[in-house]
Amino acid sequence: MKQILVASLFAIASPAFGQGMAAPEGAEVYFIGLEDGATATSPLTVRFGLSGMGVAPAGTEAEHTGHHHLLVDRAPLGEGPDGADELLSSLPADDNHRHFGAGQTEVTLDLEPGQHRLQLVLGDMNHVPHSPPVTSDQITITVE
């Protein structure tokens, strides 16, 4: 009985457990000066925009804040082999999932010539997408 009570209290006290922190309605993340279909050269500086929320380093528990993640050459968030599961857990850190946990708002990428898909995702203090997710549209650019 005690375990059920503790579990129930935890569930009430932590409604976001298993999902990201709440995002306010209308929050948006977007690319600054880079549009779908653009042609670019490498190295490429990618700037991140955010409205309706603030940027805070990973590990910072503050309402309506998060930090940027850049998805490179993969399916849009929530699609692909991991599907909806990735909306409930920390984003991995690898070449396809770039983390900016210090609160950075831009990055210079060395990309091979060809087409590349990019998408911005705001993550909470634990690198989990917010609820609802704050993502940009996925764009495709061509690097010459």
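Descriptive notes on the structure:
- Selection within the range 53-92 - under 12 Å from the mean Cα position of the chain (by Cα), under 22 Å from Ile141 (Cβ atoms) and exposed (fewer than 15 other Cβ atoms within 10 Å of the Cβ): Pro76
- First in the range 97-123 and without any contact (Cβ under 8 Å) to a residue 40 or more places away in the chain, second anywhere and of a type in the set (A, V, I, L, M) and not in a strand (DSSP E or B), Cβ under 9 Å, 6 or more apart: His97/Leu91
- Residue-level check: of (1) over 24 Å from Ala62 (Cα atoms); (2) in contact with a helix residue (DSSP H, G or I) (Cβ under 6 Å, 6 or more places away or on another chain), Thr108 misses just (2).
- Residues in the range 25-34 that are within 14 Å of Leu70 (Cα to Cα) and either modelled with pLDDT under 95 or part of a strand (DSSP E or B) (or both): Val29, Tyr30, Phe31, Ile32.
The values are calculated or read from the model by the stated rules, or taken from the named source; none is laboratory data. Please read all numbers here as calculations on a predicted model, not as lab measurements. Don't worry about glycine lacking a Cβ; one is built from the backbone with ideal geometry, like all the others, and counts go over all protein chains shown.
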